[in-house]
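The values are calculated or read from the model by the stated rules, or taken from the named source; none is laboratory data. Please read all numbers here as calculations on a predicted model, not as lab measurements. Cβ sites come from the backbone with ideal geometry, for glycine too, and all protein chains shown count toward neighbours.
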């Protein structure tokens, strides 16, 4: 059951001082920024994890899903969301995506997930996020959603 029209709560799931505020991209809603009084985040730095839960039901998912493959995604709770789920894609803008993801999962683990034998891994620590460029104080963090996302529009 989905709870609609309830403002989500956000939590910082990184070690950096980040803040959620209006995105630099017009009409994009909220965005995630490095606090203006922070030190820069260097290129190739581990930012944090894309937290969520494993979802096998492609008919029932939130708007913040990260697909591992066509049948499995990491789904974000719509009410209590990590900062990493707020990042927008700089697709068709003058901005550059400055965060990349690495799926730290092998085929044996995927087989266990498909069988729903999920006791051999930590589902909150599979998708690792890294900085692709230096991120300056006050700068918005952008994450590439992938071609599949934009083709679905």
**Report entry** Single residue of 50, 56, 67 found to be modelled with pLDDT of 75 or more and either surrounded by fewer than 16 Cβ atoms within 10 Å (Cβ to Cβ) or within 20 Å of residue 18 (Cβ to Cβ) (or both)
**Finding:** 50
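This table checks each residue for (1) surrounded by fewer than 17 Cβ atoms within 10 Å (Cβ to Cβ); (2) at pLDDT 65 or above; (3) outside any strand (DSSP E or B).
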residue: 118; (1), (2), (3): yes, no, yes
residue: 123; (1), (2), (3): yes, no, yes
residue: 128; (1), (2), (3): yes, yes, no
residue: 138; (1), (2), (3): yes, yes, yes
residue: 142; (1), (2), (3): no, yes, no
residue: 150; (1), (2), (3): yes, yes, yes
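Check the stretch 94-112 and report whether any residue there is at pLDDT 90 or above and loosely packed, with under 15 Cβ neighbours inside 10 Å.
Yes, that holds for at least one residue.
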